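Accompanying notes for the structure given below.
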Amino acid sequence: MRKRLVAFELTDREIRAFWFSLHSFRKQSHISNAVKFDRIPIPVGAIEQGNVRNEKVVIDSLMTYGAECLDKSRKVYLAIPLYQGFIRSYRLPWISQWDRKSAISLLVDEEISIARSDLLYDYLVLSEEKHKGLQILLGATRHSLMEQYVSIFERAGLKVNGADFSFSILGQSLGFEQNEDVLYLQEESGSFQVALFRGAVPESVRSLRTQANEENISEWTEESENEIRHFLLYYKAQHPDLNLKRLVWNGNSAAELLAQSLLASNYVSIVERAKLRNVPDSWCKVLEGDIAWGEVAVGYGVRISAHCSGLNLWHQPYLSQTIQRRYRGLAFFLGILFMIGTMSGILFSQMALPLEKEVQQIAHQGVKIEAQAKQAKDLEIAWNKEKIHAVKIGEGLTEIQLMQALPGADLTIKQVIYKQGSMSLRGSANEARDVEGLIHRLQAMGWEQPALSSYKMTSLHNIEFVLSAKHGRVGMEQEDKMIDSSVVGE
């Protein structure tokens, strides 16, 4: 699977686009020859020294460029001019990675005059010797300017992922050595740009206006040479360690003539045409002559393909936008889940409402049935108790009734009344001892508190009496326990 990418270079006269693709999983994946380089012309004055004067014209130029430019699946990288930017290398004491960001933030406040509210910056570690020293490349530009560039491309349908200065990309893609001073001369439409590189870092950039033609070419060359000489003298006065020997040029014959003139004047000892390093042969075959104009765009593509580190001036806003999109997506997802959960809860509650009513009815009926069953059980136990008591009492009363038939008993039971645990017995006896014997007999049978309610002697051998007693409670409790255990056993 391949990712499709495009690197754009912004200039005052045109926009240069380099299209390429990468394998998603291979680190060294820039061998594909599916590349293309295009030059998109823009009207004069639409962009001046890096400032976009007419956004609509630039957007229309990008839109007219073709439908391929509007492929939103492309990752877009911008190479922007250094006119209003800042780039410089610094040697610092070694700083741990935990403290590095805050320390460089203080360096930014000291070195860069752009207000914090309108500042974008990034840094790159060029070399590091742990616990000894650190060399960084610091780049910065105005947020308002960068935001304008990004907005133009987004309105043309292209999402920007990263941005760097054109000369910063050139320093890496042309392979300038770290301790080497190089003068770079680039011909653009109507002007020359002169950049002094110290290593891969562009230390100073100058722009020379030109109207060179066959008639005044020697005059223009002499004038441009004088400007460059003044520029170099001024810089060397500020930096005595400057050791300039090499000049690299790119452009037409006028650029070559100026380069040779500087060589003849002994400002440099080596002159050569710019050549990109590490460009795959498959790319060179496809690009052919266009590679001279695509130094920056193609060099950007080489750096991205090789996964080399570089500045990304749009890193902070892009990261912030990415985080915001993720949070919005997460909030939207949670909102959808909440709505689905709420709707499901309402639906389930409506579906469960009849079931809840039915459960309540069944529960109420169950309570009633349980109460009825308990009541029936209690009635059954009570009935069994009363039934057994009635039998026992009946047997006891029959036994009392039969007492008068016992041998030697001169006792007559005339009436026995039993009501609610109390018994009333009316009878007659010949002697008092027979009445006493009856009382003892009742006590032996389990009757409690036998007592004479009435005692009357009607004749010498006839005593009328009324005797009362209560059924034995102890006996009843024992019988009840026996009944309960028998019921449980059943």
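Here are some notes:
- Members of 419/456; 374/419; 36/75; 75/275 lying beyond 20 Å, as alpha-carbon distances in this model show: 419/456; 374/419; 75/275
- Relative protection proxy for 439-446, 351-358, from highest mean packing down: 439-446, 351-358 (other beta-carbon atoms within 10 angstrom).
- Cβ-based exposure ranking for 164, 410, 378, 241, in which fewest neighbours within 10 Å come first: 241, 378, 410, 164
- Across q = 0.17, 0.21, 0.24, 0.29 Å⁻¹, the stretch 157-207 modelled as identical point scatterers on its alpha-carbon atoms has Debye log10 I(q)/I(0) values of -0.56, -0.74, -0.87, -1.08, in the order of the q list.
- Calculated from backbone phi, Karplus (6.51, -1.76, 1.60) coupling profile of the stretch 426-439 in Hz, x at Gly/Pro: 10, x, 9, 9, 7, 9, 5, 5, 5, 5, 4, x, 5, 5
- Highest mean first, the peptides 254-260, 122-128 sorted by other C-beta atoms within 10 Å per residue fall in the order 254-260, 122-128.
- Normalised convex hull volume, the stretch 178-274, alpha-carbon set, Å³ per residue: 88
- Scattering profile of the stretch 242-318 at q = 0.15, 0.19, 0.21 Å⁻¹ [log10 I(q)/I(0), Debye over alpha-carbon scatterers]: -0.72, -0.92, -0.97
- The order of 328, 16, going from fewest to most other C-beta atoms within 10 Å of their C-beta, is 328, 16.
- Ranked packing of 138-149, 296-307, most packed first, by mean Cβ within 10 Å: 296-307, 138-149
- Helix-only mean residue ellipticity at 222 nm for the chain, each DSSP H run of n ≥ 4 adding -39500 (n - 2.57), per residue, nearest 500: -15000 deg cm²/dmol
- The magnitude of the dipole of the stretch 178-274, with charges of +1 and -1 set on the Cβ of Lys/Arg and Asp/Glu and taken from the Cα centre, is near 400 debye.
- Viscosity 0.692 mPa s, 37 °C: Kirkwood-radius Stokes-Einstein D of the chain over Cα pairs, µm²/s: 102
- Among 285, 275, a tally of other beta-carbon atoms within 10 Å of each Cβ gives an order, fewest to most, of 285, 275.
- Among 309, 260, 278 - extreme Cα towards positive end, dipole of the stretch 258-313, charges at beta-carbon: 309
Each value in this text was obtained by applying a stated rule to the coordinates, not by laboratory testing. Treat the numbers as computed from the prediction; the structure is a model and nothing was measured. Please note: Cβ atoms are built from the backbone with ideal geometry, for glycine as well, and neighbour counts cover all protein chains shown.
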